[in-house]
Every structure is written in structure tokens, then in C-alpha cells.
Amino acid sequence: MFQQTSLFSSARKMVFTLSASMAAAVAVIDTAAAGDPISYQELLSIPQPAAVEPIAYGTVPLQFGELRLPQTDAVTAPYPVVLLIHGGCWLAEYDMGHVRPLAQALADAGYASWTLEYRRVGDAGGGWPGTFHDVAQGADFLHQLAQQYPLDLSRTVAVGHSAGGQLALWLASRHGYDAEHGFYRADAIELKGIVGLAAAADMDLLAQGRECDDAARRVLEGTPEQVESRYAAVSPARRVPLGVPQILIDGVEDHMWGPISASYYRSAQAAGDQVQRIVVEETAHFDLVAPQAPVWPHLLAAIETLMHGQHGQETQPKAVLR
């Protein structure tokens, strides 16, 4: 189990610094103590936390989540909730395993973490539209979980990494759907904010570059020209303004996903959303979901900022955080 109490305290102290930078264009954090960027294989080598019983939110095997509750005296029930959505280019090869340490670290830091598994490209029923139905259904299942566990759904922040960042941001856009899509429900979970970690949130740009083994075209089963309505339905860059505060965190060394996040940031900012982008030096793609990486306290600070509704309230912006 990760011991994150001191880092959690540090993150609380950073909340107001992050809030102060909300009006800034892009905040750059210099992690002078950072080592080499973490690879995916190194991420998998992090000791796994104790297993928790999966909870089904649907009827097929991959429709489940893992709920971890705080085991600390630092917070009292009901607990604020982090809805955690893993990435992996929407592909079946990448499951939630690599974010379980992060999910446990969030619980150790005082949050109830609800980590979603979902059908992906290569799974029966994955891709269009099953992947999106699963994530929407799993997120909204928090209403049922709150009937059994001490969860404070008024303090729910979604955290998504890579493809999971697209899904987390997309969840906030469902209010704009008409009935034909079937993604929106009257009891859709309301998010206090969203943290996008290297968010794959401009799916047109992804399709153009054919990034990650042509992932965008594969999950939507076509190019923007062939299935334009699908890109319009799920690409956050097309669905702004989301109307929910957002903090995007990217690594300077994340050369594939950083530009995608930056493109989305420009779209969201132009649309009038409350959005900040934090770029962390000496940080690559998988550092963002590694609790032992120097970026971790900045992730906690971003979550705290959104939980407390302090996004954009400070009047002394700082362009660079040190």
C-alpha cells in the first residue's frame, strides 16, 4: 500500500498556487528532482495493491469497476470520489491493470476511487458505440454505489489518462445529445471537474496523424470524412464548451500525446471553458499515472483544486510554477 499522507498534505498547500494560475495560458512546472521518464513496462512493474472485489455495472464480463475506499483518519465519510478511467488507445491489449497503483494511491490520499473497465477495440462489443456506452453506464453507476457505500457524489472529479482522458472529458458533454445517440441519461453523473492526463481529446487530429496504431479511426470505425457524425458525437474538441472546469496535465517529453492535448486546450479555451494546461518538465506519458513520479503531488493538487471549486477564483495568475 502506498503511503501518501505527506504528499497529500503538500498537495493541499499547492491548491491555491494552482488556482492562481488558472487564468494563465500554460503553467510550466520544473521537476528538478525527476529521474528518467517511466516506461509502460516499468509502470507494470510497480507492486500491485491488494485486490478488491470487482463490481459489475452491466451484464457482460468487461462491464465492471473497482471501488477503493480511504483507510485513513485524514478524511471522514462520506468520501469525495475520483472516477478513474484508464487509457490504452481504446484497444483491448491495455486494461486497467497499469492504473491500479494509482487508484490505490488516490484512496490512500483520502478519495474513494472508482476505476472503470470497459470494452475496447478487439473485445466483443467494443469500439463504436459499445466503448462509449460502457463508460457512460459505468460512470452513472456511481448513483447505485452511493446507496451502498459512503460516497459524496457532489464532490466527484473524473481523472482520465490518454484515451481515458478523452472519455473523461466526453462524459461532461453528454448533456448536449439528442435521443438518437443513447449516451445521455437524466441521472447522468455530475462532475465537479475533470483532470485530463495527456488527454487524447482531439480525435480529428489523432485520425489525421494515425497515432497509436490508427486508434481513433479504429474505435470510431472510419475517418472523420467517412463517419463525421461519430467524431462530432465523441471528440471533446468538437463538443466544447463542456461547462465543467478542467485541468490538463502533460509531460514535456510526451511527444505523441502532448500536441493532441494542446490542440484540445486551444479549442476549449476559445470556446470559453474554464481550462488550464500544466506542462511538467522531465515527464513523459506514463509518469502521469505513476504515484512515485514527481508529477504525483501536482495531480493531487489539481484534484483538490477542482474538488473545492477554486478553479479560476484567484486573481494573481502565475505563468510558471516552480
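Can you find a residue that is in a strand (DSSP E or B), under 15 Å from Gly164 (Cβ atoms), in contact with a strand residue (DSSP E or B) (Cβ under 7 Å, 6 or more places away or on another chain) and of a type in the set (A, V, I, L, M) anywhere in region 207-218?
Looking through region 207-218, none of the residues is in a strand (DSSP E or B), under 15 Å from Gly164 (Cβ atoms), in contact with a strand residue (DSSP E or B) (Cβ under 7 Å, 6 or more places away or on another chain) and of a type in the set (A, V, I, L, M).
Mind checking whether some residue in region 58-78 is at pLDDT below 95, touching an Asp or Glu at 6+ places or on another chain (Cβ under 7 Å), surrounded by fewer than 21 Cβ atoms within 10 Å (Cβ to Cβ) and over 23 Å from Leu171 (Cβ atoms)?
Among the residues of region 58-78, at least one is at pLDDT below 95, touching an Asp or Glu at 6+ places or on another chain (Cβ under 7 Å), surrounded by fewer than 21 Cβ atoms within 10 Å (Cβ to Cβ) and over 23 Å from Leu171 (Cβ atoms), which makes the answer yes.
Give region 123-171 a look and list any residue that's among the hydrophobic types (A, V, I, L, M, F, W, C), buried (at least 24 other Cβ atoms within 10 Å of the Cβ) and not in a helix (DSSP H, G or I), or say none.
Listed by number, the residues that qualify are Val157, Ala158, Val159.
List every residue pair whose Cβ atoms sit under 8 Å apart, with the two residues 6 or more apart in sequence or on different chains, where the first one lies in region 137-154 and is in contact (Cβ under 8 Å) with a residue 40 or more places away in the chain and the second, anywhere, is part of a helix (DSSP H, G or I) and surrounded by fewer than 20 Cβ atoms within 10 Å (Cβ to Cβ).
The qualifying pairs are Leu151/Leu145; Leu153/His143.
The values are calculated or read from the model by the stated rules, or taken from the named source; none is laboratory data. Since we're looking at a predicted model, the values are computed, not measured. Glycine also receives a Cβ, built like all others from the backbone with ideal geometry; neighbour counts cover every protein chain displayed.
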